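Below is one structure, written out as structure tokens; comments come after it.
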């Protein structure tokens, strides 16, 4: 520890480690989503069942019928409006892997939100670990008065 720095001004290695791990995890998730959607084919599916948490989509590729179960979106804001439309009999877009049509996802255009949130929070943790003085400046000003 540097003699001129108080313990609260030391870099926080836990924040830095958390940041690096979070950035790796977020980038991995984002890479998987981009990889899947860039190679995926699109088809229309029909919602066949729904409960309070999930809904099941049935779709056909090359004469074979497949089903996937997806989580319902949040009840808040625009997601709530989308959630209300996801009723049995409704048609939705499905993205599927052409080499394995059973590997599919509902095309909700929301898949990238979680990885970006992980990356953002990881960056904040990294800045908190690398630059602890920034957060403490406002408190130091109050000590002088």
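The values are calculated or read from the model by the stated rules, or taken from the named source; none is laboratory data. Please read these numbers as outputs of a predicted model, since none were measured by experiment. Here the Cβ positions follow ideal geometry from the backbone for every residue, glycine too, while neighbour counts run over all protein chains shown.
The set of residues in the range 62-91 being under 21 Å from the mean Cα position of the chain (by Cα) and assigned to a strand (DSSP E or B) consists of 68, 69, 70, 71.
Do you know which residues across the range 98-120 are surrounded by 15 or more Cβ atoms within 10 Å (Cβ to Cβ) and at pLDDT 80 or above? The answer is 101, 104, 105, 106, 115, 118, 119.
Look at the range 50-59 and say how many of its residues are exposed (fewer than 14 other Cβ atoms within 10 Å of the Cβ) and either closer than 20 Å to residue 114 by Cα or touching a strand residue (DSSP E or B) at 6+ places or on another chain (Cβ under 9 Å) (or both).
The qualifying residues number 2.
Residues of the range 83-92 include at least one that is farther than 26 Å from residue 123 by Cα, surrounded by 14 or more Cβ atoms within 10 Å (Cβ to Cβ) and either out of contact with any strand residue (DSSP E or B) (no Cβ under 6 Å at 6 or more places or on another chain) or modelled with pLDDT under 85 (or both).
Quick one: would you say residue 47 is farther than 18 Å from residue 115 by Cβ and over 22 Å from the mean Cα position of the chain (by Cα)?
On the way: farther than 18 Å from residue 115 by Cβ: yes; over 22 Å from the mean Cα position of the chain (by Cα): yes.
Judged against the criteria, residue 47 is a match.
Residue-wise test of (1) touching a helix residue (DSSP H, G or I) at 6+ places or on another chain (Cβ under 6 Å); (2) farther than 30 Å from residue 13 by Cα; (3) in a strand (DSSP E or B).
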residue: 55; (1), (2), (3): no, yes, yes
residue: 60; (1), (2), (3): no, yes, yes
residue: 104; (1), (2), (3): no, yes, yes
residue: 111; (1), (2), (3): yes, yes, no
residue: 118; (1), (2), (3): yes, no, no
